[in-house]
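Q: Here's a structure for you.
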Amino acid sequence: MCGRTACTLAPEDVSKSCEYKDKQGHKKRPHWRDGDADKYHPSYNKSPQSNSPVLLSMKHLQKDADSSERVLAAMRWGLIPSWFTETNPSKMQFNTSNCRSDTMSEKAMYKGPFFKGRRCVVLADGFYEWRRQDGEKQPYFIYFPPVKSEQSEDSKDDSDAGSRRLLTMAGLFDCWEPPGGGETLYSYTVITVDASKSMNWIHDRMPAILDGDEEIQKWLDFGEVPAKEALKLIYPIENITYHPVSTIVNNSRNNTPECIAPIILQKKKEPALSASSKKMLAWLQSKSPKKEEKEGVKPAKLSQLALSPKKTSAGLMHQWLKKEGEPSPKRQRT
């Protein structure tokens, strides 16, 4: 699943990071839909119902545009279907922040947007996932591994943030109009798949991540790539990295660089044995104090004692307790 992300770039740097080549091979940067740059606020800790930067085909906004042209929009996380009849989108009773890839073409909530070509790419520095172990949850920050590349001549004056590779997650979006009139709400859901081999030890699900501009282009271009072909782009990827982070990210109100900073996990110490436990363990690992060791006969191993029907662990415990409570016998003189 994907329930928390980080996207810390300024609006202009998000645009720089989404540079692509059009059909003529010219480099282009998608511009923000009118007013949306102000609706997006960078954050180290984004949760559902907040606005995130999303890429979509320009044709969704301009009917005469080429479907391969891209535009940036700020959309609400948590899909509100176009047929939702309540006046307040917060009254949505279902969790629509994620949708499963294996059922999105069947469920009424998602099949409408999917077959209408309302495919989008959700942008983030990375996402958080929690690993459950021994009753506790350890958060991890998950993102694309850094890529070393030569800076081109025309990008030397760009900021480092502008050349950063954002995580590109496949999503669906829909448009909801309030029953009483008002501004159309654009909202999205992140598509999830079974976790890859490199990720399934943290969680059994992960976002469907589009790795590379070719996959992004095919997913967005609903005019050239039909739904059936687009489904082939939805699968678990191995090209991903992660590190453990502080549990301060558990509270969505915490929004500082510490949320994504790597930490070193402390190994749990084994519980210390009490004095009586140590004494009992030493006794069990040695020969019985009541018997003299016979010459040439090796003392029985602990595993052998444990397997013996006559010397069960309960019997050994009884012997040890009895011995502890008895006074030491006096040695007779010869």
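Q: Treating only the Cβ atoms of Lys and Arg (+1) and Asp and Glu (-1) as charged, compute the dipole magnitude of the stretch 182-230 about its Cα centre; round to the nearest 20 debye.
A: 280
Q: Scan around Trp32 for amide H atoms under 5 Å from its own, H built in the peptide plane at 1.01 Å from N, and keep only partners 5 or more places away or cross-chain.
A: Leu72
Q: What spacing in nm lies between the two simple spin-label points modelled at Ala261 and Phe115, each 7 Å away from Cα in the Cβ direction?
A: According to this spin-label approximation, the distance is 5.1 nm.
Q: At a 1.4 Å probe radius, carbon and sulfur cover how many percent of the accessible area of the stretch 1-139?
A: 45
Q: Once a ≥ b ≥ c are taken as the square roots of the eigenvalues of the Cα gyration tensor of the stretch 160-266, is the result rounded (a/c under 1.5), prolate (a/b larger than b/c) or oblate (a/b not larger than b/c)?
A: Cα axes put the stretch 160-266 in the oblate bin.
Q: Per-residue HN-Hα couplings for the stretch 180-196, Karplus 6.51 cos²θ - 1.76 cosθ + 1.60 at θ = phi - 60°, whole Hz, x for Gly and Pro?
A: Result, rounded to whole Hz: x, x, x, 5, 5, 9, 9, 9, 9, 10, 8, 6, 10, 9, 4, 5, 6.
Q: Here's a follow-up. Output the peptides 107-116, 215-224 sorted from most to least packed, where packing is the average of other Cβ atoms within 10 Å over each peptide's residues.
A: The packing order, highest mean first, is 215-224, 107-116.
Q: Pairs Lys16/Lys59; Lys27/Lys232; Lys46/Lys137; Lys116/Lys197; Lys111/Lys218: which are spaced more than 23 Å apart, C-alpha to C-alpha?
A: In this structure, Lys27/Lys232; Lys116/Lys197 lie more than 23 Å apart at Cα.
Q: Label the stretch 1-127 by shape, choosing from rounded, prolate and oblate, from the square roots a ≥ b ≥ c of the eigenvalues of the Cα gyration tensor; if a/c is under 1.5 it is rounded, and otherwise prolate applies when a/b is larger than b/c, oblate when it is not.
A: It is oblate, given that a/c is not under 1.5 and a/b is not larger than b/c.
Q: In nm, to one decimal, how far is the modelled label at Asp194 from the one at Arg100, with both set 7 Å along Cα→Cβ?
A: Going from the Asp194 label point to the Arg100 one covers 1.2 nm.
Q: Let me ask you something else. Assuming a ≥ b ≥ c are the square roots of the Cα gyration tensor eigenvalues, decide whether the stretch 70-125 counts as rounded (a/c under 1.5), prolate (otherwise, with a/b larger than b/c) or oblate. Could the numbers behind the result be given before it?
A: Details: a/c = 1.56, a/b = 1.14, b/c = 1.37.
It comes out oblate by the Cα gyration axes.
Q: Between Ile248 and Asp64, how high is the FRET efficiency from 1/(1 + (r/R0)^6) when r is the Cβ-Cβ distance and R₀ = 56 Å? Nearest 0.05. Present the calculation step by step, with values, prior to reporting the outcome.
A: Values: r = 48 Å, r/R0 = 0.86.
Computed FRET efficiency for Ile248 and Asp64: 0.70.
Q: Under a point spin-label approximation (7 Å from Cα along Cα-to-Cβ), what is the Leu231-Glu214 distance to one decimal in nm?
A: Placing both labels 7 Å along Cα→Cβ, they lie 2.2 nm apart.
The values are calculated or read from the model by the stated rules, or taken from the named source; none is laboratory data. The shown structure was predicted, so the numbers you read here are calculated from the model rather than taken from an experiment. Cβ coordinates were reconstructed from backbone atoms using ideal geometry, including for glycine residues, and neighbour counts include every protein chain displayed. For the accessible areas, the whole protein counts, side chains as well, though only heavy atoms, and no ligand, DNA or RNA atoms are used. Shrake-Rupley method; radii C 1.70, N 1.55, O 1.52, S 1.80 Å.
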